[in-house]
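Here's the structure we're looking at; comments come further down.
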Amino acid sequence: VPVRPGRAAAAGAGLGAVTGVLGVGGGFLAVPALVSVLGLRMRNAVGTSLLVITVNSLAALTMRAGTADGLDWAVLGPFAGAAILGAWDGKRLSAKVSGYILQRIFAVVLLAVAAFMLIDAAL
C-alpha cells in the first residue's frame, strides 16, 4: 500500500506535538504510528524510525558542536560506539525473528519503559 505524503505529514506533525508536550523522544511512538496510521510493515517502520532519529540526532549534534561548552567526547564517543554496535547486532537478530514476534517484544519493552517512568515520577 503506497503511503500518501499528506497522511505521513499529518502523522509526523501529530507525533511531534505529542512528544513535544510529553517531553519524550519520539522513537518509541514513531513505530506504532508508522505501523497503525501509515500501514508500514514492522521491519520498515523500525528502519524508518531509526532513520528519522539519526537525522534528528545529527542535526542536534551539528547545532550543539559550536556551543561554548563544547561536547564531552569522553561520554559521547563510547556511547555512540556502543549504540552503533547495538544497532548492528539488533539488525542481525531481527533478520532471524518474525515481524509478529518483533511487535510483541517492542510492546513488552514499551510497557517496561512506561512502568519505569511511572515509578520514577512517583518517587
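Annotation note: Cβ proximity below 7 Å between a residue of the range 102-123 that is within 24 Å of K91 (Cβ to Cβ) and a residue that is modelled with pLDDT of 85 or more (sequence gap 6+ or interchain) occurs for F106/V31. Under 22 Å from R4 (Cα atoms) and β-branched (V, I, T): is that true of V52 in this structure? It is true that V52 is under 22 Å from R4 (Cα atoms) and β-branched (V, I, T). Looking only at residues of the range 22-74 that are charged (D, E, K, R) and farther than 21 Å from G90 by Cβ, we find that the one that is modelled with the highest pLDDT is D72.
Taking the criterion of being loosely packed, with under 11 Cβ neighbours inside 10 Å and within 25 Å of S36 (Cβ to Cβ), the only residue of the range 54-92 that qualifies is V55.
Considering the range 44-65, the residues that are assigned to a helix (DSSP H, G or I) and small (G, A, S) include one that is nearest to A87 (Cα to Cα), namely G47.
Listed by first and then second residue, the pairs with beta-carbon distance under 7 Å, at least 6 apart or on different chains, first residue in the range 64-78 and free of Cβ contacts under 8 Å to residues at least 24 places away in the same chain, second loosely packed, with under 10 Cβ neighbours inside 10 Å and among the hydrophobic types (A, V, I, L, M, F, W, C), are L71/A65.
The set of residues from the range 27-43 being more than 9 Å from the chain's Cα centre (by Cα), surrounded by fewer than 16 Cβ atoms within 10 Å (Cβ to Cβ) and assigned to a helix (DSSP H, G or I) comprises S36, R43.
The values are calculated or read from the model by the stated rules, or taken from the named source; none is laboratory data. Note that the coordinates shown come from a computational prediction; the quantities given were computed from them, not determined experimentally. Counting neighbours? That spans all protein chains shown, and the Cβs are built from the backbone with ideal geometry, glycine included.
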